[in-house]
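Data block below; observations after.
The values are calculated or read from the model by the stated rules, or taken from the named source; none is laboratory data. As the structure is a prediction and not an experimental result, all values here were calculated from the model. Every residue, glycine as well, gets a Cβ built from its backbone with ideal geometry; the counts of neighbours run over all protein chains shown.
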Amino acid sequence: MIRQTILTLGLLGAAGCSAIHKSSKAAPLAEPAKENVDSLATSLAVADALKMPSCDGSHEGQLVYVVDVKQFKTCLSGSWQDISITGAAGKDGAAGKEGAAGKEGAAGKEGAAGKEGLAGDKGLTIKAFYNLTSTTTDICTRYSNILCYFRGGHLIVYTNGLKYVEGGIVNDETYTITGPGVNANQTDANTVVVDTSNYANAAGQIMTATLAKIARTDADTYKQLWLVLNYDNDAVTLVFDTNNNGTLDATDEVIETLQKRLIF
């Protein structure tokens, strides 16, 4: 019975269900054909709930559409009950194809400048630069019967306290030599230069750099020469490892304190 009435109202809605009777009394909708209507299924459309008739025995089962709230109601057991005519939600449709990429947007404004970074470490600045020379011609002869001499070097003093020294020796005879400037033990009848260098950076520090280890032949014991810097007084000396123990100590002989000439 209710289904027939809903169909009837659907037809009314298609024709314009917003037409509301101006009469203060609810007016019955146009009756459909007698053969399709139950006598209890008379339907009404009212402007608002105040225009609804009383839900009594004469309106039992009656369907009313309340226009202002867009709600169907039916009279059941003495009270008007809301009726939902909305069906269950349908299943989600298949996802559509991805759309074409949009145009690239305009460039944004340049951001604010970042904070200034921390200052970097101060670079090295030379305070003094010295040439180092020797007046001793028998540096190696007295220890290994080999003629060699100091070829010269440099002492650099930086403003931050760091001190750097470098130098080398040259030989004029055949002998076996090894050291920082030679990849392996080497016998050479010609001039060979072995250079060494190192840093000192603290008061009281004595810097040693192996100048060379020399011997007449590879079968002989190598004798070690050091280039030594005294940080406190900038003295640079040639020292022979007298006891050949590989450690600078009081028994080692200072061959010469090198001459320093200030360049700048």
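It is to be established whether one or more residues within segment 37-52 are modelled with pLDDT under 85 and charged (D, E, K, R).
Yes: one or more hits.
Would you please name the residue that is surrounded by the fewest Cβ atoms within 10 Å (Cβ to Cβ), looking only at residues in segment 206-240 that are at pLDDT 85 or above and of a type in the set (D, E)?
D232
Which residue, of T137, T86, is of a type in the set (S, T, N, Q) and under 30 Å from G167 (Cβ atoms)?
Of the residues listed, the single one that is of a type in the set (S, T, N, Q) and under 30 Å from G167 (Cβ atoms) is T137.
Checking the condition outside the structural domain of L44 (by TED's automatic domain parsing), among the aliphatic types (A, V, I, L, M) and at pLDDT 90 or above, which residue from A89, A95, A106, A119 passes?
Testing whether each residue is outside the structural domain of L44 (by TED's automatic domain parsing), among the aliphatic types (A, V, I, L, M) and at pLDDT 90 or above leaves just A106.
May I ask you to list the residues in segment 93-140 that are among the hydroxyl-bearing types (S, T, Y) and touching a residue at least 60 places away in the same chain (Cβ under 8 Å)?
Y130, T133, S134, T135, T136
Does segment 256-263 contain at least one residue that is in a loop (DSSP other than H, G, I, E, B), exposed (fewer than 13 other Cβ atoms within 10 Å of the Cβ), in contact with a strand residue (DSSP E or B) (Cβ under 9 Å, 6 or more places away or on another chain) and at pLDDT 65 or above?
yes
So E166 clears everything in (1) surrounded by fewer than 12 Cβ atoms within 10 Å (Cβ to Cβ); (2) modelled with pLDDT of 85 or more except one condition, right? Which one?
With respect to (1) surrounded by fewer than 12 Cβ atoms within 10 Å (Cβ to Cβ); (2) modelled with pLDDT of 85 or more, E166 is out only on (1).
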